[in-house]
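The block underneath contains the structure these notes are about, expressed in structure tokens.
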Amino acid sequence: MNGNYQILNKEKMTITPLASGTTLTFQYYPSRVSVTYNSKSDFSSTGFIIQETKGAAPLSLVTVNKTRYRGGLDISTQNNSLQVVNILGMEDYLKGVVPSEMPASWPMEALKAQAISARNYAYVNRNKLTTNPNTQTYKGFDGENQRTNQAVDATKGLYIKYQGKVIETFYHSTSGGRTANVGDVWNSNQSAYPYLVSVDDPYESSPHSRWSFTFSPSTILQSFGIRNPSAALYNMSITKTGANGEVGAVTIETSEGTKTVKGNENQIRKLFPLNSGSYYGMLPSSWFDIQVNKEGKQLFIQTPQGKKTVASLKGQTVQTANGTVTISEDVNVQTATGVTLISSDPAKVSSITVTGRGWGHRIGMSQYGAKAFAEKGWTAKQILEHYYKGAKVSY
């Protein structure tokens with residue numbers, strides 16, 4: 001403890017003052033929590049609260065496992081372990097969030113837009129916030145920066161509202177040139193989120209705007225749950241269900257049969273695992289195209305509708321001098337350079353190249369887009385009202 005604090009035993013409802021500089025050690029037991037400090041021990045079945053007291057120092061801090069935090073703590077048991085919750089005001093919380101979500105060196109109006117958007121998200125999700133990107137990244141007092149603190153203070157009390165109501169705001173790194181409709185990537189009811197619709201991102205300049213990755217057949221087969229090491233991948237296709245071309249389903253054809261996976265953007269991205277730590281180990285976004293690369297020569301057949309690419313000649317029907325025949329074995333084909341023997345077995349996939357745009361779910365505010373707008377002279381209010389259609393920034 002650095003400052004004036006007291007400890008509350010939530011079971012006994014006893015309060016003990018703590019001198020500045022006191023170190024407390026908490027330990028989990030199956031039915032209680034223990035605390036040891038100043039050569040004394042105490043126990044509680046419901047845990048303890050570390051509270052700031054009246055007349056506290058201008059800046060009181062608690063240090064947990066070498067990280068400093070503003071405010072107080074609630075220590076209890078959760079899932080057979082200790083759970084520590086930092087209790088503090090909204091503005092102090094945001095000071096530990098904004099520089100963790102957006103570089104503090106970026107333009108001030110972009111930082112203000114980030115602060116307001118993060119305030120909205122925290123307000124709506126205040127009972128389920130974590131310290132990691134699953135909600136908003138929070139690094140406490142040690143994560144603060146003077147410029148982002150300035151952005152938080154300058155926007156104190158400002159929220160984004162739709163028809164007068166504080167809305168749940170989502171933001172992401174990079175849209176790739178256009179944000180997404182929430183219904184297209186999360187299968188949400190679009191009418192319930194009229195402000196989370198696709199908008200242009202004309203100035204966004206990000207290292208994640210365009211990307212490309214190549215995957216081996218074995219990686220794809222495993223991500224689809226096919227564990228047979230001798231299984232072969234014959235083809236892959238995607239179904240674009242989003243207004244901008246966001247992918248909503250992926251189908252593979254294999255020696256084990258055909259399998260289709262449908263889902264939201266998170267499920268689709270996980271079908272393409274990345275070994276490196278970048279992009280959280282999955283495809284950056286669900287806005288992409290694929291190129292199927294195959295072993296040997298690519299096969300085409302002529303149909304009444306035109307030329308068609310096929311994985312195999314097996315099962316195709318051809319007209320011969322003796323009538324229509326369905327191919328079931330290797331065949332000789334007359335080409336411009338002579339007769340060529342073509343195997344009836346499907347050509348195997350050698351690799352899949354995925355080329356796409358953006359990083360993240362692409363819903364709401366693009367952080368790189370906000371940076372670009374700010375560099376063009378836009379205010380935080382203008383930035384937010386562009387990304388959250390029909391919403392207004394106000395107190």
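Things worth noting here:
- All positions within the range 44-59 that are among the charged types (D, E, K, R) and part of a loop (DSSP other than H, G, I, E, B): 54
- Answer residue from the range 87-99, given it is buried (at least 22 other Cβ atoms within 10 Å of the Cβ) and not β-branched (Val, Ile, Thr) and is farthest from residue 47 (Cα to Cα) among those: 99
- For the range 310-395, the strands (runs of 3 or more DSSP E) that sit wholly inside it and include 2 or more residues that are surrounded by 12 or more Cβ atoms within 10 Å (Cβ to Cβ) and modelled with pLDDT of 95 or more are 349-357, 392-394.
- Taking every residue in the range 233-258 that is in contact (Cβ under 8 Å) with a residue 40 or more places away in the chain and pairing it with any residue that is part of a loop (DSSP other than H, G, I, E, B) and open to solvent by 50 Å² or more (accessible area, probe 1.4 Å), at least 6 positions away or on another chain, the pairs with Cβ-Cβ distances below 7 Å are 233/348; 234/348; 248/241.
- The range 180-232: number of residues that are in contact (Cβ under 8 Å) with a residue 40 or more places away in the chain and either small (Gly, Ala, Ser) or within 22 Å of residue 368 (Cα to Cα) (or both): 25
- Within the range 212-234, being closer than 15 Å to residue 261 by Cβ and open to solvent by less than 60 Å² (accessible area, probe 1.4 Å) holds for 215, 219, 220, 221, 223, 224, 225, 226, 233.
- Scanning the range 68-97 for residues that are assigned to a strand (DSSP E or B) and closer than 24 Å to residue 123 by Cα yields a count of 13.
- The range 264-273 - residue that is in a loop (DSSP other than H, G, I, E, B) and either open to solvent by 40 Å² or more (accessible area, probe 1.4 Å) or in contact (Cβ under 8 Å) with a residue 60 or more places away in the chain (or both) and, of those, nearest to residue 184 (Cα to Cα): 264
- Residue 207 within 25 Å of residue 293 (Cα to Cα), open to solvent by 70 Å² or more (accessible area, probe 1.4 Å) and of a type outside the set (Ser, Thr, Tyr): no
- Selection over the range 149-165 of residues that are out of contact with any helix residue (DSSP H, G or I) (no Cβ under 7 Å at 6 or more places or on another chain) and either open to solvent by less than 30 Å² (accessible area, probe 1.4 Å) or within 22 Å of residue 105 (Cβ to Cβ) (or both) gives a count of 3.
- Taken over the range 1-43, the criterion of being assigned to a strand (DSSP E or B), under 17 Å from residue 84 (Cα atoms) and either open to solvent by 80 Å² or more (accessible area, probe 1.4 Å) or touching a Leu at 6+ places or on another chain (Cβ under 8 Å) (or both) is satisfied by 5, 6, 7, 25, 26, 27, 28, 32, 33, 35, 36.
- Residue match in the range 44-60 (condition: more than 30 Å from residue 12 (Cβ to Cβ), within 24 Å of the chain's Cα centre (by Cα) and open to solvent by 20 Å² or more (accessible area, probe 1.4 Å)): no
- The criterion of being within 21 Å of residue 154 (Cα to Cα), assigned to a helix (DSSP H, G or I) and not polar (S, T, N, Q) does not hold for residue 103.
- Any hit, the range 162-170, residues being more than 25 Å from residue 372 (Cβ to Cβ) and of a type in the set (S, T, N, Q): yes
- Residue tally, condition within 23 Å of the chain's Cα centre (by Cα) and either open to solvent by 30 Å² or more (accessible area, probe 1.4 Å) or farther than 25 Å from residue 193 by Cα (or both), over the range 133-143: 6
The values are calculated or read from the model by the stated rules, or taken from the named source; none is laboratory data. Computed from a predicted model, the values in this text were never measured in an experiment. Virtual Cβ from ideal backbone geometry, glycine too; neighbours counted across all protein chains shown. Remember, those area values only see protein heavy atoms, side chains included, never the ligands or the DNA or RNA. Shrake-Rupley method; radii C 1.70, N 1.55, O 1.52, S 1.80 Å.
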